[in-house]
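Step one of this worksheet: look at the structure below.
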Amino acid sequence: MKLLYKIDLQHYQETCKKNISDYSVATLGENLIWGDVLILGNENAYLSFKADLIKFSYDLYDVLKNLKINKASVYNLHNMYELYEFEIKMEADNVLLKLDRKKKVAFNYNDFCQEIYKLKQNIMNDIKILFKDHHNINNMEKLFSLLLEQ
């Protein structure tokens with residue numbers, strides 16, 4: 001299983017033109033970088049969609065933590081920029097993802113958590129490269145600490 005993304009360069013260029021130095025953590029998470037996400041499963045199964053990458057990776061990781069401690073059996077994740085809906089639930093030691101109530105893929109829980117954690121680290125590294133002045137952006141360190149949560 002693999003979790004891949006490609007940053008939307010047009011959105012990145014538009015973001016660079018804005019004064020984002022005083023954005024809240026939530027606004028940074030929702031607006032800093034967007035892109036295409038590809039979740040590759042076994043036997044040619046995959047899910048593909050557009051997402052606000054930081055918020056998506058953080059929310060998905062949070063859902064998986066809650067599934068593990070059985071706070072609920074099914075979670076729905078929505079994106080406000082593209083029309084998609086994820087239904088996420090546990091079946092034995094597997095996570096079942098259903099995209100837009102149609103396409104579904106199952107993954108081992110631990111493998112999926114590792115992939116999401118790697119995704120969050122890669123996004124953070126990309127932010128540091130793309131936004132050279134990230135040290136001057138208020139709340140960026142708070143955002144990074146949220147991305148590093150396990």
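In the chain, once you exclude exposed trypsin sites (Lys or Arg not before Pro) (DSSP loop, at most 11 other Cβ within 10 angstrom), what's the longest stretch remaining?
Counting at most 11 other Cβ atoms within 10 Å as exposed, the longest clean stretch of the chain is 19-70.
Would you tally the net charge around residue 149, using a Cβ to Cβ cut-off of less than 15 Å, leaving residue 149 out, and scoring K and R as +1, D and E as -1?
Counting the neighbours of residue 149, the net charge comes to +3.
Based on the Cβ-Cβ distance from residue 24 to residue 48, what FRET efficiency comes out when R0 is 30 Å, to the nearest 0.05?
Taking R0 as 30 Å, the efficiency between residue 24 and residue 48 is 0.50.
Output the pairs from 68/120; 104/128; 89/118 with a Cα-Cα distance over 23 Å in this structure; if there are none, say none.
Flagged as over cut-off: 104/128.
What pairs in 6/132; 102/142; 17/102 have C-alpha atoms more than 27 Å from each other?
102/142; 17/102
Taking the beta-carbon count within 10 Å as an exposure proxy, list 36, 133 from fewest neighbours to most. Before the final figure, lay out each step's value.
Working: 36 15, 133 10.
Listing 36, 133 from fewest to most nearby Cβ atoms yields 133, 36.
Can you give the FRET efficiency for residue 100 and residue 66, using 1/(1 + (r/R0)^6), R0 = 22 Å, r = Cβ-Cβ distance, to the nearest 0.05?
0.50
Describe numerically, in nm with one decimal, the distance between label points set 7 Å from Cα along Cα→Cβ at residue 87 and at residue 73.
Label-label distance for residue 87 and residue 73, simple model: 1.3 nm.
Rounded, prolate or oblate: which one fits the chain, using the alpha carbon gyration tensor with axes a ≥ b ≥ c (rounded when a/c is under 1.5, else prolate when a/b beats b/c, else oblate)?
Verdict is prolate for the chain.
Counting other C-beta atoms within 10 Å, and keeping those with at most 14, which DSSP coil GluC sites (Glu not before Pro) do you find in the stretch 1-70?
43
Only the coordinates and a few stated rules stand behind these numbers; no lab work does. Just so we're clear, the structure is a prediction, and the values are computed from it rather than from any experiment. Because the Cβ atoms are built from the backbone with ideal geometry, glycine has one as well, and the counts that use them run over all protein chains shown.
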